[in-house]
Amino acid sequence: MATTDKPVTVRLPLEQLRDLQALSLVDNSNLAQQVRSAISQYIQNRVSDSGLKDQIQEAGKRYESTLESLRAH
């Protein structure tokens, strides 16, 4: 069975890494679980942000104008 997980490399300041390692010990987890949990919380916070839809529209406009220059060729 193939997994849908993809490996990702992240550089962290040493202090953050030490804190995460310590929290892993306290929480009886591992570093990967700590990172996945933090990312899940971040995603939940962002998608529930009332301003996200406007930010998505603005990002779309920026990228559309950037890609438009390629269409002109």
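Given a 1.4 Å probe, how much area per residue of the chain is accessible, in Å²? All intermediate terms of the calculation are to be shown ahead of the outcome.
Numbers: 7010 Å² over 73 residues.
Roughly 96 Å² per residue, with all protein chains present.
Restricting to DSSP H runs of at least four residues, report the calculated mean residue ellipticity at 222 nm for the chain, -39500 (n - 2.57) per run over all residues, nearest 500 deg cm²/dmol. Intermediate values should be presented prior to the final figure.
Values: 3 runs with 51 residues, N = 73.
When only DSSP H runs of four or more count, the value is -23500 deg cm²/dmol.
Out of the trypsin sites (Lys or Arg not before Pro) in the chain, which ones are loop residues according to DSSP with at most 12 other C-beta atoms within 10 Å? The partial results should precede the final answer.
Working: sites: R11, R18, R36, R46, K53, K61, R62, R71; in loops: R11.
Answer by residue number: R11.
For the chain, just say rounded, prolate or oblate: build the C-alpha gyration tensor, square-root its eigenvalues into a ≥ b ≥ c, call rounded for a/c under 1.5, and beyond that prolate if a/b exceeds b/c, oblate if not. Show your work: numbers first, answer last.
Numbers: a/c = 2.52, a/b = 2.08, b/c = 1.21.
Since a/c reaches 1.5 and a/b is larger than b/c, the shape of the chain is classed as prolate.
Hey, what angle do you get for helix 14-27 against the long axis of the chain, alpha-carbon based, 0 to 90 degrees rounded to 10?
Rounded to the nearest ten degrees, it is 60.
Roughly how far apart, in whole Å, are the Cα centres of region 53-73 and region 1-46?
32 Å
Using the Karplus equation 6.51 cos²θ - 1.76 cosθ + 1.60 (θ = phi - 60°), what ³J(HN,Hα) coupling, rounded to whole Hz, does each residue of region 30-37 give in order, writing x for Gly and Pro?
10, 4, 4, 5, 4, 5, 4, 5
On a full-extension model of 0.36 nm per residue, what is the gain between T66 and A22, subtracting their alpha-carbon distance, rounded to one decimal in nm?
On the way: separation 44, 0.36 × 44 = 15.84 nm, distance 4.39 nm.
Extra length available between T66 and A22 comes to 11.5 nm.
Which sequence of L25, L31, L52 reflects their accessible areas, 1.4 Å probe, from the largest down?
L25, L31, L52
Charges on Cβ only, +1 for Lys and Arg, -1 for Asp and Glu, centred on the Cα centroid of the chain; of G60, V47, V26, which one is farthest towards the dipole's positive end?
G60
The values are calculated or read from the model by the stated rules, or taken from the named source; none is laboratory data. Being a predicted model, the structure only gives us computed values, none of them experimental. Positions of Cβ are generated from backbone atoms using ideal geometry, with glycine treated the same way; all protein chains shown enter the neighbour counts. What goes into the accessible areas is simple: the full protein's heavy atoms, side chains included, and nothing from ligands, DNA or RNA. Shrake-Rupley method; radii C 1.70, N 1.55, O 1.52, S 1.80 Å.
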